[in-house]
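Only one structure is covered here, and it is reproduced in the block below.
The values are calculated or read from the model by the stated rules, or taken from the named source; none is laboratory data. Just so it is clear, the structure is predicted and the values come from calculations on it, not from any experiment. Using ideal geometry, Cβ is built from the backbone for each residue, glycine included, and neighbour counts are taken over all protein chains shown. Surface areas here come from the heavy atoms of the whole protein model, side chains and all, with no ligands, DNA or RNA. Shrake-Rupley method; radii C 1.70, N 1.55, O 1.52, S 1.80 Å.
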Amino acid sequence: MAATDGRMELECSMDVQDVIVLDTGSGFLKVGFSGEDAPRAVLPTAVGSTTVDESREDEHGNTESTSAAKKQAYYGDEALTEALERNGTVTRPVQRGCIGMSSQQKDALESLWEHTWRNVLGVEQEELPVLIADSQPLGQAAYQSRTWTAEIMFEKLKVKSLAIFNTAVLSLFSTGRTRGLVLESGEGITQAVPVFEGFAIPHAIFKMEVAGQDITAKVQELMRRDFGHEQTASYKHMQALKEKLCKVCPDHQSALSGPDTDDEEAKSFELPDGERTFELPDGQKMKIIQVSKEVRHGAPDVLFGSGDSKQPSLQKICNEAITTCDMDFRQDLVRSLVLAGGTSMLPGLAGRLRTELAGVLPSELSRKVDIVVDSQRRYAPWVGGSMLASLSTFDQVAITKQEYEEGKADVRGLVARKTF
């Protein structure tokens, strides 16, 4: 494929084979098949477990001593509802963009993937190629999780071949570019990743552990002042409120100190059907509440440091990523600054980022900043993976089952050579 000004011309033919495309994020797992425009399924990256008492009484009223408690597993949304309602445990196997390496987290993720294969995609024992999106760049930190992933895919899920690509590279690919700066912000992590000709530049990647879950936590904290702890205990409700009402303002201080100019719809939040009502301090019960501008505008500002220059922020990590790269490459980065991930869907984020970058970048760079806001950016890594897996060259970049069998003695080395 040829590239001009960071954009590419696809010279590869499209392939007809089905490839499973999998993006297991901190918040949500996205899965589907190559060549499709969007994931087949999106479910929370969560596994729940409850203990079911299957003891039975005999005809004399005695409990059978041979019976044993049985574990019941729940996945995705059910893990966050059924398991919690039954006083079960919920495991989040991916934290801050990284697969947890504890036994509990690995077991949970393995079972979640198997559930996804069998029950979500309806794939039985048929061997299919797989492309996995991984937010970690290839390097020492990624080897352990990628090695384990390869072992699970080939040994347990019996895949035909496996390719692992960096999420930022795939996000850039989804926009038709091979050079640029990708600013990814999902549920658990935000990172600025420079990409040159399809390869992430590891030493110039800067990240912060401030993302969607931190905005939701801030929403929850601020809402407690108005409605109390019990009324705001549901993380699911606070997340829904964030997605419906929160937006990034061009000037945070002016937005909070000035009058609230938003209309009633922009302030109102209604609990989902069938859910309990909010109880106000005066005892009044309501399903529709008015949310203050401190919540709507203040919570998302954690991405920009909330006015504290010592705090991590989007403008800081973007500036550090840009200035760490060679002078000749910096203009390519600012001309193709691609937003990706669920948190990038916040209204007003691109405009505020442009303003903040103007304050930290040299003028010759800041005036050339072009922020790419694609309509598919929520699932950009998955979309890029779907496109890449559709190319006839996919087999050349994947680890085949034969290569895995022959390289079992050094899976880590195989992963280092053939993942991106």
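Annotation for the range 266-278: at least one member residue is modelled with pLDDT of 75 or more, under 30 Å from residue 308 (Cβ atoms) and either assigned to a helix (DSSP H, G or I) or open to solvent by 20 Å² or more (accessible area, probe 1.4 Å) (or both).
Conditions tested, residue by residue: (1) touching a Cys at 6+ places or on another chain (Cβ under 7 Å); (2) hydrophobic (A, V, I, L, M, F, W, C); (3) buried (at least 22 other Cβ atoms within 10 Å of the Cβ); (4) under 25 Å from residue 130 (Cα atoms).
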{"position": "155", "(1), (2), (3), (4)": "no, no, no, yes"}
{"position": "158", "(1), (2), (3), (4)": "no, no, no, yes"}
{"position": "161", "(1), (2), (3), (4)": "no, no, yes, yes"}
{"position": "166", "(1), (2), (3), (4)": "no, no, yes, yes"}
{"position": "195", "(1), (2), (3), (4)": "no, yes, yes, yes"}
{"position": "210", "(1), (2), (3), (4)": "no, yes, yes, no"}
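Those helices (runs of 4 or more DSSP H) of the range 307-395 in which at least 2 residues are free of Cβ contacts under 8 Å to residues at least 24 places away in the same chain, considering only elements entirely within it, cover 327-335, 349-358, 363-366. For the range 233-259, filtered to residues that are more than 13 Å from residue 219 (Cα to Cα) and open to solvent by less than 30 Å² (accessible area, probe 1.4 Å), the residue that is nearest to the chain's Cα centre (by Cα) is 248.
In this structure, residue 114 does not satisfy being surrounded by fewer than 22 Cβ atoms within 10 Å (Cβ to Cβ) and free of Cβ contacts under 8 Å to residues at least 24 places away in the same chain.
Is it the case that residue 414 is outside any helix (DSSP H, G or I) and open to solvent by less than 70 Å² (accessible area, probe 1.4 Å)? Against the criterion (outside any helix (DSSP H, G or I) and open to solvent by less than 70 Å² (accessible area, probe 1.4 Å)), residue 414 does not qualify.
Consider residue 334 carefully, then state whether it is at pLDDT 95 or above, open to solvent by less than 10 Å² (accessible area, probe 1.4 Å) and under 13 Å from residue 185 (Cβ atoms). Judged against the criteria, residue 334 is not a match.
Out of curiosity, is residue 296 basic (Lys, Arg) and in contact (Cβ under 8 Å) with a residue 60 or more places away in the chain? So residue 296 fails the test.
Scanning the range 343-382 for residues that are closer than 18 Å to residue 301 by Cβ and open to solvent by 30 Å² or more (accessible area, probe 1.4 Å) yields a total of 10. Looking across the range 126-184, the residues that are free of Cβ contacts under 8 Å to residues at least 60 places away in the same chain and assigned to a loop (DSSP other than H, G, I, E, B) come down to 126, 136, 156, 157, 158. Just one of (1) over 15 Å from the mean Cα position of the chain (by Cα); (2) on the phi < 0 side of the Ramachandran plot; (3) open to solvent by 10 Å² or more (accessible area, probe 1.4 Å) fails for residue 136. It is (1).
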